[in-house]
Amino acid sequence: MAVPVMRLYMHAPEIVFAARVNMTSVTYPVQDITYDGVTTGAYTDCTPDMFFTLGSAAGLDDYGRGRLRAMPTSSILKVGRASQGTNDGELDVVDDAYITVYDDFRVFAKIPYIASDGTMYKDADMPVLDRTEQPPPVANTGPGFAKTIDPVTGTIVAFFPGSDSIAIADGATIVSWAWDIKDGTYEFDTTATDADIFASFPPGFRWVALTVTDSNGKTHSARCPVFARDPDDDACVQSWQPVKYSRSQAGVRFDFRIVEDLPRSTYPDGALVMCWKEGNFEPQSRLQMIFTGWHQSDKVTARSTETALLRDTTLECVDVMGRLDALPSFSQSIEVPLEGETVTWYHMPAATVDKYIHYLLQWHSTALDLADYFPSGTGSDYPFVIFQSNEGQNLYQQVNWRARSIVPDHVFTCNRLGQLQVIVDPMLQDVADRTTTIQGSFLEQHWSDLEFTYTRPPRVSRLLGSALVTQSAWILVDDVKTLEDPVFSVAPGSAPSQGTREVTQGEQLAQSQAALNAVTGHRYARLNARHGPIRLSPASGDDQNIEPADMTWVYLYFSDDTAPQRGLSFDSSLPTGALRALPLEVDITWRFSETGATQDTTITLELETVGRPALADTREAALPVGEEPTAPVVYVPDYGLVPDQTLVAAITPTYLLRTSDFHTPAGSGGPTWEQALRFDEII
């Protein structure tokens, strides 16, 4: 496929404020920088979340880089909490160092702080107040927009759907919208207080901002980038080549090769990047947008020949999800407070999974200030009384893990426009509940290459599922907070299949035993799917705007006439005569030669699978007389055991007990418990 006309804009941010550090001594971590000697702008020109650098000379960043966590005062710059260093999120505060604040916004982590008295603060100094009881809403501006100006009007026109903004607090609604379109003009009778607006813009770049207020009086502000290209005064990168583009459920990664110098002094590391294709697209559309994200790293190669030194620099870029994938997470334990209990950042009244995921994103990153976000919508259907997020994961993994805790699993995704979503995985839903949306079809004439692997023997012999039942309030037993009993399921049943390994799936939240049985059965079928991922190359090279992040279907047809030697045609009883598949990834690579450029596209698909409901695993293990468990039995993989064994622990009033033959019926000599710990012997 021939490469369409593509434009690339890399943002060279404007300096809005410059001053000098006025601190002869510094205690780390630092969150306030005293300054004087203002040379550019005024502190009132700054806004929270702006990007700044600290350097030994004006504009340099050799003393570190960070974000403004709040509005500065006339003498203090309030910055994200930082230890001493020179990496992103670190600062080496030297007296008289140069402070440079840019009209630029990046996805940064918000660093929490625990004081000596145990009080937790978010983003350095933010107390809990009522922030977990009445969380702020989410302002959704719509994705970033870039386009070449109309030759007649000299402007571009874009649509911004602020009505997509969402209230997070229970019973709250969005009651007001306030837009700031900078040098733009409102069009088609829309105004700054309308939910949805049209606006026109002259050539240049700006951040369009929206502040929404909910019925609790809570506010949230977000912004999106808008660039209008003027062909007569082109601010785009002129000499570049696309290299690789990958779109998956976890967002977009885009690499391009530069053939001209893009100095770091003009285009700082981590600069905003926007890529789009030329065409006649409507203002409501973002179909022209190929990528909106940030520079992440440089891949540099150099080769010496007899006649010259050949240099090659490829800039690797990621979207908002890619930035979350590179940010730290923080161990969390959130629970529902008891009546009269002092609420801290560890408490969330009327806790639900949707509110908890919003909590992770809103209070630990700036992602929601730079990207649209759409929660699962499960709301009060999935309440909990205590949830944890573990260390050892990045922020994306932490959020996705919590999304997958819903039964059936949900997935934290990011589409090609940079919009974050939490969407149910249809492959784990009951068949009747699965989406019927078809986003594309590939008949035989639509693809040029197709490959997959067929495997008959199962890989997984047994799947053990466990979950807590949804619970909105603590159960009090002698004033001790207690959870509902967990539920367990096993697939394909009590007798394992011929697979080589046993898999456990836990830390989930189910509405019932039947719900867990259903999802465990579908998961087992998926793990043992006979058809592996299908890699398909469209004949036209066009990706048809297939969107893995939407978690909807693609039809795939492969008739008996063109089936391989052993059959296996993809032809079902569906009216279309095709099978459904979930798109997993879209990969595009470009090849350049003396005669031009070509584009190769590969789409990876997962054929739909359906499983039988798993069996409820209700067998009770024999415990010492009088020693009934007072906390859930927890399945824990023990990698020191043989493959067919699983270590199970049980807590009783006196003992921590363990067994490695929990699934052996009592009539067959099991399970056999041993004492791991006696509580009254602990000093």
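The values are calculated or read from the model by the stated rules, or taken from the named source; none is laboratory data. No experiment lies behind these values; they were computed from the predicted model shown. Note: ideal-geometry Cβ built from the backbone for every residue, glycine included; neighbour counts use all protein chains shown. Quick note on the areas: whole protein, heavy atoms, side chains included, nothing else; ligands and nucleic acids left out. Shrake-Rupley method; radii C 1.70, N 1.55, O 1.52, S 1.80 Å.
Note that region 115-130 has calculated 3J(HN,Hα) couplings of 6, 4, 8, x, 6, 9, 10, 8, 6, 6, 9, 8, x, 5, 6, 10 Hz, one per residue in order, obtained from phi through the Karplus relation 6.51 cos²θ - 1.76 cosθ + 1.60 (θ = phi - 60°); glycine and proline are x.
Proximity of backbone amide H atoms, modeled 1.01 Å from N, is registered between Phe488 and Asp617 at under 5 Å, excluding neighbours fewer than 5 places apart on the same chain. Compared with the direct C-alpha span, the chain from Glu484 to Asp233 gains 83.8 nm at full extension, assuming 0.36 nm per residue. Express in nm, to one decimal, how much length is gained between Asp381 and Leu615 on full extension, taking 0.36 nm for each residue of separation and deducting their alpha carbon distance. Additional length available on full extension: 81.8 nm. Based on alpha-carbon atoms, the Kirkwood radius and the radius of gyration of the chain give Rg/Rh equal to 0.99.
Potential lengthening of the chain between Leu443 and Asp312 amounts to 43.2 nm, from the contour at 0.36 nm per residue minus the alpha-carbon distance.
Rounded to the nearest Hz, the phi-derived 3J(HN,Hα) couplings of region 64-73 under the Karplus curve 6.51 cos²θ - 1.76 cosθ + 1.60 (θ = phi - 60°) are x, 9, x, 10, 7, 7, 7, 4, x, 9, where x marks glycine and proline. For the chain, the solvent-accessible area with a 1.4 angstrom probe is 45 square angstrom per residue.
Quick check: from the Cα gyration tensor, does region 205-291 come out rounded (a/c under 1.5), prolate or oblate? Because a/c hits 1.5 or more and a/b exceeds b/c, region 205-291 counts as prolate. Summary value for the chain: 10 percent relative contact order, contacts being C-alpha pairs under 8 angstrom separated by 6+ residues.
In nm, to one decimal, how far is the Thr190 label point from the Val477 one, both placed 7 Å along Cα→Cβ? A separation of 5.7 nm, rounded to one decimal place.
Hey, which of these cross-link pairs are over 31 Å Cα-Cα: Lys218/Lys277; Lys218/Lys244; Lys122/Lys481? In this structure, Lys218/Lys277; Lys218/Lys244 lie more than 31 Å apart at Cα. Spatial offset of region 171-208 relative to region 519-538 amounts to 44 Å, using the alpha carbon center of each.
In the assembled protein chains, Phe105 presents an accessible area of approximately 10 Å² (probe radius 1.4 Å). Quick one: net charge of Val411's neighbours, Cβ under 10 Å, K/R +1, D/E -1? With Lys, Arg at +1 and Asp, Glu at -1, the neighbours total -1. Counting only protein chain heavy atoms and rolling a 1.4 Å probe, the accessible areas of Arg206, Arg456 rank, largest first, as Arg456, Arg206. Surface composition of the chain: carbon plus sulfur atoms hold 49% of the accessible area, using a 1.4 angstrom probe and ignoring ligands, DNA and RNA.
Taken as Cα centroids, region 16-85 and region 436-467 sit 52 Å apart, rounded to the nearest whole angstrom. Summing +1 for each Lys or Arg and -1 for each Asp or Glu among the other residues whose beta-carbon sits under 15 angstrom from that of Lys147 gives -1. Excluding Tyr121 itself, calculate the net charge of residues whose Cβ lies under 14 Å from the Cβ of Tyr121, where each Lys or Arg counts +1 and each Asp or Glu counts -1. Spelling it out: positives minus negatives among the neighbours equals +2.
For the chain, what is the calculated [θ] at 222 nm in deg cm²/dmol (nearest 500), taking -39500 (n - 2.57) for each run of four or more DSSP H residues and dividing by its residue count?
On the way: 4 runs with 41 residues, N = 683.
Value at 222 nm, helices only, nearest 500: -2000 deg cm²/dmol.
Only protein heavy atoms count here; on that basis, with a 1.4 Å probe, Asp312 has an accessible area of about 40 Å².
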